[in-house]
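Data first, discussion second: the structure below is written as structure tokens.
The values are calculated or read from the model by the stated rules, or taken from the named source; none is laboratory data. Not measured: the values here are computed from a predicted model. Ideal geometry is used to build each Cβ from the backbone, glycine not excepted, and the neighbour counts take in all protein chains shown.
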Amino acid sequence: MSLDIDRILEELEEDNKEIQKNINTFSSLREKQVAAVENLLKEYDKIMLWYVNKQIAFTHPRLRGRAFMNIGGPIVGYDEHEERLFIYNYHLERFETVNIHNRSDALTKNLRILIDQGYFEDIVSGIKHTLVHQKEVLKEQYEQINKIENLLNDC
């Protein structure tokens, strides 16, 4: 059995053109994600400012039970391997990566890099979580109040 080298090379070229086209598509889509996050930050600016001014801790819906909180801006992701929390620093208007064991170890993190690393959905969730966080706190408080009242009634 002999190989049809010319046909194989032609297919390789076609595949390579398609791969390059997809790389361009990925890049374009990532740029759209960056723009979407930047627009979201503008849209939620006053909401984030309210939280910051009231010194109410931001949390992230996917990190429940981890006790991760930040008062300087929304939590937008977490790297378990590096044990670093990703936050949006509202006052400095930048994304940062913070060591969970040493909060003073904070480094600026480029939004595009976060998106390239797959954190777009976490970023959006963290920012949008500001709309429901207070309701969640209220629900938990009411549950605790009811529990305490029920315990007292049982005495």
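Key figures
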read-out	value
Index of the failed condition, Ala35 passing every other in (1) small (Gly, Ala, Ser); (2) farther than 20 Å from Gly118 by Cα; (3) at pLDDT 95 or above	(2)
Complete set of residues in segment 4-18 that are part of a helix (DSSP H, G or I) and either surrounded by fewer than 10 Cβ atoms within 10 Å (Cβ to Cβ) or polar (S, T, N, Q) (or both)	Ile5, Asp6, Arg7, Asn16
Scope segment 90-126; condition buried (at least 17 other Cβ atoms within 10 Å of the Cβ) and in contact with a strand residue (DSSP E or B) (Cβ under 7 Å, 6 or more places away or on another chain); matching residues	Phe95, Glu96, Thr97, Val98, Ala106, Lys109, Leu111, Leu114, Tyr119, Asp122, Ile123, Gly126
Any hit, segment 123-139, residues being under 27 Å from Asn39 (Cβ atoms) and in contact with a Gly (Cβ under 8 Å, 6 or more places away or on another chain)	yes
